[in-house]
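Participant: Handing you this structure, nothing more for now.
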Amino acid sequence: MIYLLRHGETVWNTLGRFQGQMDSALTRRGVEQADLMASLLRDEIAETGQSFDLHVSPLGRVRETAERVTRLLPLAPREDVRLMEVTVGSWDGMTLFEIDQEFPGKLDGADAFDRYFRSPVGESFDAACARARSWLADVTGPTVAISHGLFGRLLRGVHCGLSRREMLELPVPQDGFYRLSDGECHLIDMAASGVPAQ
C-alpha cells in the first residue's frame, strides 16, 4: 500500500510558473494544506495498524511538506531522486508567457496537459514514466511518498495502467492524497474520505 501526497501550494504555483526541478517556498495556504494532509494521513495510518516508510523528493517544497507531516507522524524521511518533479529543462521557473516570448511557436497546439513535454531539452514522457515504474518496483512494504503534481499523475497512471492522455488529465489536489493499492487509486480528503478516484 502506498499513500501518495503532493507538496502544498507554493509561491510559484500561485504565479503560474513551471517549477520543474527548481524550487519555491510553500505559501501560508501550502503550510495549512500540508498540516491538513498530515492529520488525514495520521488517521489513515492508525486504521491500518501498520508501520510505514516515508520516501520524499529531495526538492525543497517537498522537504518542507514532509517536515509538517513528520510533526504528527513518527516517520523518518528518505530522499529518492526518482520522486522529483518532471523537469521542463530550460523552461523550469518560467511562465507560459515567458516561454512563448523566448521560444515562439513551441506551445502552438499544446493544451494544459501536454505542454510539459514540449520543451526542447526537458524530460520526455517515456523517461518520466520509466522513473515512476522504477520507483514503484522498489516499494516493498507500506509506504508514504511525497512528490509533485505532474510526477504524481504519472505514478498513479503507471500504477493503474492508464493511457498517456488519461494520466495527464488526472487531478492533482494539494489538500488531499491518494491511496494506491492493487492497481487502484482512492482519493483521501476532507470532503470524501475513501471515495474511489483515479
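Participant: Can you compute 3J(HN,Hα) from phi for each residue in region 87-98, using the Karplus curve 6.51 cos²θ - 1.76 cosθ + 1.60 with θ = phi - 60°, rounded to whole Hz and x for Gly and Pro?
Facilitator: Each residue of region 87-98 in turn: 8, 9, x, 5, 7, 3, x, 9, 8, 4, 4, 5 Hz.
Participant: I'd like the Karplus ³J(HN,Hα) series for region 122-135: coefficients 6.51, -1.76, 1.60, θ = phi - 60°, whole numbers in Hz, and an x wherever there's a Gly or Pro.
Facilitator: x, 6, 7, 4, 5, 5, 5, 5, 5, 4, 4, 4, 4, 5
Participant: Out of region 82-168, which trypsin sites (Lys or Arg not before Pro) are coil in DSSP terms and have no more than 15 other C-beta atoms within 10 Å?
Facilitator: Lys106
Participant: Another one. So who's got an amide H within less than 5 Å of the one on Gln19, skipping anything under 5 residues away but keeping other chains? H placed 1.01 Å off N, in plane.
Facilitator: Here Gly93 satisfy the definition.
Participant: So what's the angle, to the nearest 10 degrees on a 0 to 90 scale, between helix 149-160 and the longest Cα principal axis of the chain?
Facilitator: 60
Participant: For region 181-189, take each phi angle, set θ = phi - 60°, evaluate the Karplus expression 6.51 cos²θ - 1.76 cosθ + 1.60, and give the result in whole Hz per residue in order, putting x for glycine and proline.
Facilitator: Once rounded to whole Hz, the list reads 7, 6, x, 10, 10, 10, 6, 10, 8.
Participant: Another question, then. For region 105-198, how big is the tail of P(r) above 15 Å, as a whole percent of Cα pairs?
Facilitator: Counting pairs separated by more than 15 Å, the tail of P(r) holds 63 percent.
Participant: Using amide H atoms built in the peptide plane, which far-off residues or other-chain residues are under 5 Å from His55 H to H?
Facilitator: Arg78, Val144, Ala145, Ile146
Participant: Multiply the residue gap between Leu107 and Asp43 by 0.36 nm, knock off their C-alpha separation, and tell me the result in nm, one decimal place.
Facilitator: Result for the pair: 18.7 nm of gain on full extension.
Participant: Here's another thing I want to ask about it. Could you calculate the FRET efficiency of Glu67 with Val139 from 1/(1 + (r/R0)^6), where r is the beta carbon distance between them and R0 is 25 Å, rounded to 0.05?
Facilitator: So the FRET efficiency works out to roughly 0.65.
Participant: Order by neighbour count: Glu79, Glu123, Glu102, fewest other Cβ atoms within 10 Å first, most last.
Facilitator: Taking fewest neighbouring Cβ atoms as first place, the list is Glu102, Glu79, Glu123.
Participant: Quick one: plug the Kirkwood hydrodynamic radius of the chain (C-alpha pairs) into Stokes-Einstein at 37 °C, 0.692 mPa s, and report D in µm²/s.
Facilitator: The calculation lands on 193 µm²/s.
Participant: Could you tell me the relative contact order of region 1-153? Use alpha-carbon pairs under 8 Å, at least six residues apart, and round to a whole percent.
Facilitator: Relative contact order, region 1-153: 37 percent.
Participant: Just the number: Rg to Rh for region 39-144, Cα atoms, Kirkwood Rh, two decimals.
Facilitator: Result for region 39-144 is an Rg/Rh of 1.09.
Values in this text are rule-based calculations from the coordinates and carry no lab data. Worth saying up front: this structure is predicted, and the values here are computed from it rather than measured. So basically every Cβ, Gly included, is an ideal-geometry build from the backbone, and we count neighbours across all protein chains shown.
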